[in-house]
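The values are calculated or read from the model by the stated rules, or taken from the named source; none is laboratory data. Bear in mind that the values here come from a model prediction, so they are computed numbers and not experimental data. Neighbour counts run over all protein chains shown; Cβ positions are idealised from the backbone, glycine included. Remember, those area values only see protein heavy atoms, side chains included, never the ligands or the DNA or RNA. Shrake-Rupley method; radii C 1.70, N 1.55, O 1.52, S 1.80 Å.
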Amino acid sequence: GQLDPSVPPSGVNCSGCGAELQCCDGAAPGFVPAEKYRSLSEGPDGAAGLRGAVCQRCWLLAHHGRALRLQLPPEQHRQVVSAALRRPPRHGRGPLLLYLLDVLELPDPVLPQLPALLGPDVPAAGLLVVGNKVDLLPADSPGHLGRLRQRVAMACAQAGLRGAPLVDVRLVSAKTGFGLEGLVSRLQRSWKCAGDVYLLGATNSGKSTLFNTLLRSDYCKSRAPDVVDRATVSPWPGTTLNLLKFPIINPTCDRIFRRQERLKEEATKTEDQLSSEEKKYLNHLKKQGYLVGRVGRTFQQQKSRPVVDFDPDMLSYSVDEDPKHSSRKREEREEFTYNEVKDARWCFDTPGIIKENCVVRFILQVLNLLTEKEVKLVLPTYAIVPRTFILKPGMVLFLAALGRVDYLQGEKPAWFSVVASNLLPVRIATLSNADAIYEKHAGQELLKVPMGGEERMKEFPPLVPQDITLKGIGTTEAVADIKLSSAGWVAVTAHAGEKLLLRAYTPKGTALVVREPPLLPYISTIRGARIAGTAAYRTKKPPSLVENLKTTGKR
């Protein structure tokens, strides 16, 4: 689209990412092509005609999965969050901070710096930590969710967040809705409507997806979904650039009672009793994750919605591409009245926090080195199916061309379970030919990511090694996870007392994390029979679980 440097910024924020809409700088946040900008702003409402519009970046993310690179310093994200948290308390009480972390990225890269970010001058009244994306991980044993919750609580304690102001630790899937009704009940029961709520977290932790789900739950005012636009969400880190918000409903005793009655009634239903539309949508979510929840609304009848055939992470509201349609939609747009929001408490979505410590740098650099197509392959959006291999000393495991694990020394074979996007290939080689395989196939179809052949690999950093020594604790329990940047991890299982010398590789300039204890210690047991003549076992995908739905005993 064309630029028009003579037009000043609009003063109206993008409804997808929160950036101020403008048409004078295509590399800055909030850019709208000049011709589109004029068609929206030259009506009788002037710049107000841009309300509900989205910037070019959000449009391309939502409709084409394309990510525009912006000239936005990482510290600007932090400044927006810091300034918001240091606002004077409203209604006589500081805000509740709802910190969202990606359980796949434990240890969380930002959590240890949270106390410093808040500081003594932030008037926060409480902190609730939420582990997101649990739907992507298979249940490796009974009680695995309790163990994951303990790991999140342990990460909080190690970051110095114990006791006040830590309110609770919850596990959810913002995408499939698992745990969301429980989170809403927890917020309404303990926080009520005492003050504002801020969603915080590292980039790509799922804050905007959670914001959108809460917007269509009992946590927001009943008319809010018809007035407030949904945040743009995508696999690309750092989508939200400024504050987005919706008004929180006041959980009166009558509303709490009516909500509990709805939840009780829904818990008595079986899947067979759902409408055909609900069944289709539920089956769609089951394909997305192992854990699924049904997020309903008590105070307003839910409108019928079509079943979508694509990832919910890519959904967002935006203006229609045709200016005529956009104009008609703006005329029908609902607005809050003054009395509806004059004393409202708000839930804010904030930009993802980017830190400069070594762990976070490695996460950001790996993603920034990848193209849009490569990011979609690397970041898992569907339930992860573990892939287990039995390796002898002298064998090598490649995770695409992004990571490599060599089994250098040991007395017995060991099991290596890969937990990563199902779209990333895993290749097994020997020490004698591993280097030749990498040289020949990096950038090609065999290793898949990066893609683009020799020219692509010239600009991609080489893999650098780190030696790791582990001691096995049994043939069914992993001793550690080797995190290969944001590409995933390899859980290592070995005979009790068996000493292993491994060498793991990740791209130069990135950090490798050895996670002890492992996140899913019994992951190697989720496998089928050994494939004859290979090091691989057949994969096995556990069934999905739907909460708040009565089981019938059928699989």
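Helices (runs of 4 or more DSSP H) wholly in the stretch 164-256 with at least 1 residues that are at pLDDT below 90 and within 20 Å of Trp346 (Cα to Cα) - which ones? Spell out the reasoning first.
On the way: elements: 180-186, 207-215, 224-227.
It comes to 207-215, 224-227.
When you check Leu519 against the structure, is it assigned to a loop (DSSP other than H, G, I, E, B), among the aliphatic types (A, V, I, L, M) and either in the same structural domain as Val419 (by the TED database) or closer than 26 Å to Tyr438 by Cα (or both), yes or no? Write out each step before concluding.
Numbers: assigned to a loop (DSSP other than H, G, I, E, B): yes; among the aliphatic types (A, V, I, L, M): yes; either in the same structural domain as Val419 (by the TED database) or closer than 26 Å to Tyr438 by Cα (or both): yes.
When the stated conditions are applied, Leu519 passes them.
Pairs please, first residue from the stretch 438-462 and within 8 Å of Ala401 (Cβ to Cβ), second anywhere and surrounded by fewer than 14 Cβ atoms within 10 Å (Cβ to Cβ), Cβ atoms under 7 Å, 6+ apart in sequence or on different chains.
Here the result reads Gly443/Gly453; Gly443/Glu454, each pair linking the stretch 438-462 to a residue that is surrounded by fewer than 14 Cβ atoms within 10 Å (Cβ to Cβ).
Which residue, of Leu399, Leu379, is in contact with a helix residue (DSSP H, G or I) (Cβ under 9 Å, 6 or more places away or on another chain) and at pLDDT below 95?
Numbers: Leu399 fails: at pLDDT below 95.
Answer to the selection: Leu379.
Which condition number in (1) at pLDDT below 50; (2) surrounded by 13 or more Cβ atoms within 10 Å (Cβ to Cβ) is the one that Lys324 fails?
The failed condition is (2).
For the stretch 38-47, which positions are hydroxyl-bearing (Ser, Thr, Tyr) and either under 10 Å from Pro9 (Cβ atoms) or at pLDDT below 75 (or both)? Talk me through it step by step, then tell me what you get.
Going residue by residue through the stretch 38-47, those that are hydroxyl-bearing (Ser, Thr, Tyr) are 39, 41.
Selection gives Ser41 alone.
Can you find a residue that is free of Cβ contacts under 8 Å to residues at least 12 places away in the same chain and either closer than 12 Å to Ala414 by Cβ or open to solvent by less than 80 Å² (accessible area, probe 1.4 Å) (or both) anywhere in the stretch 514-523?
Within the stretch 514-523, not a single residue is free of Cβ contacts under 8 Å to residues at least 12 places away in the same chain and either closer than 12 Å to Ala414 by Cβ or open to solvent by less than 80 Å² (accessible area, probe 1.4 Å) (or both).
If you scan the stretch 259-279, which residues turn out to be under 18 Å from Leu214 (Cα atoms) and open to solvent by 80 Å² or more (accessible area, probe 1.4 Å)?
Of all residues in the stretch 259-279, those under 18 Å from Leu214 (Cα atoms) come to 259-260, 262-263.
Listed by number, the list is empty, since nothing qualifies.
What's the number of the condition Arg530 fails, among (1) in contact (Cβ under 8 Å) with a residue 40 or more places away in the chain; (2) touching a Leu at 6+ places or on another chain (Cβ under 9 Å)?
The single condition Arg530 does not satisfy is (2).
Please work out if Ser417 is open to solvent by less than 60 Å² (accessible area, probe 1.4 Å), polar (S, T, N, Q) and either in contact (Cβ under 8 Å) with a residue 60 or more places away in the chain or part of a loop (DSSP other than H, G, I, E, B) (or both). Step through it out loud before you land on a result.
Details: open to solvent by less than 60 Å² (accessible area, probe 1.4 Å): yes; polar (S, T, N, Q): yes; either in contact (Cβ under 8 Å) with a residue 60 or more places away in the chain or part of a loop (DSSP other than H, G, I, E, B) (or both): yes.
So Ser417 fits the description; yes.
Scan the stretch 150-174 for residues that are crowded, with 17+ Cβ neighbours inside 10 Å, out of contact with any Gly (no Cβ under 7 Å at 6 or more places or on another chain) and among the basic types (Lys, Arg) and report the count.
Going through the stretch 150-174 one residue at a time, the tally reaches 1.
Among the residues of the stretch 189-218, count how many are over 29 Å from Pro107 (Cα atoms) and open to solvent by 10 Å² or more (accessible area, probe 1.4 Å).
Residues meeting the conditions: 5.
Only residues in the stretch 361-384 that are under 19 Å from Asn132 (Cα atoms) count as the first member; pair them with residues that are in a helix (DSSP H, G or I) and modelled with pLDDT under 80, Cβ under 6 angstrom, at least 6 apart or cross-chain, and list the lot.
So the pair list comes out as Thr381/Asp313.
Could you look through the stretch 420-469, keep only residues that are acidic (Asp, Glu) and under 19 Å from Thr510 (Cβ atoms), and pick out the one that is nearest to the chain's Cα centre (by Cα)? Steps first, answer last, please.
Pass one, the stretch 420-469, residues acidic (Asp, Glu): 435, 439, 445, 454-455, 459, 467.
Narrowing further to those that are under 19 Å from Thr510 (Cβ atoms): 459, 467.
Details: Glu459: 28, Asp467: 31 Å.
Filtering the stretch 420-469 for residues that are acidic (Asp, Glu) and under 19 Å from Thr510 (Cβ atoms), the one nearest to the chain's Cα centre (by Cα) comes out as Glu459.
Please tell me if Leu484 is more than 17 Å from Ala400 (Cβ to Cβ), of a type in the set (A, V, I, L, M) and either surrounded by 23 or more Cβ atoms within 10 Å (Cβ to Cβ) or in contact (Cβ under 8 Å) with a residue 60 or more places away in the chain (or both).
The answer is no for Leu484.
Going by the structure shown, is Ile531 modelled with pLDDT of 95 or more and open to solvent by less than 30 Å² (accessible area, probe 1.4 Å)? Walk me through how you get there before you give the answer.
Details: modelled with pLDDT of 95 or more: yes; open to solvent by less than 30 Å² (accessible area, probe 1.4 Å): no.
Criteria not met by Ile531.
Against the condition outside any loop (DSSP other than H, G, I, E, B) and either buried (at least 20 other Cβ atoms within 10 Å of the Cβ) or on the phi < 0 side of the Ramachandran plot (or both), how does Ile468 come out, does it pass? Working first, answer last.
On the way: outside any loop (DSSP other than H, G, I, E, B): yes; either buried (at least 20 other Cβ atoms within 10 Å of the Cβ) or on the phi < 0 side of the Ramachandran plot (or both): yes.
Yes: the conditions hold for Ile468.
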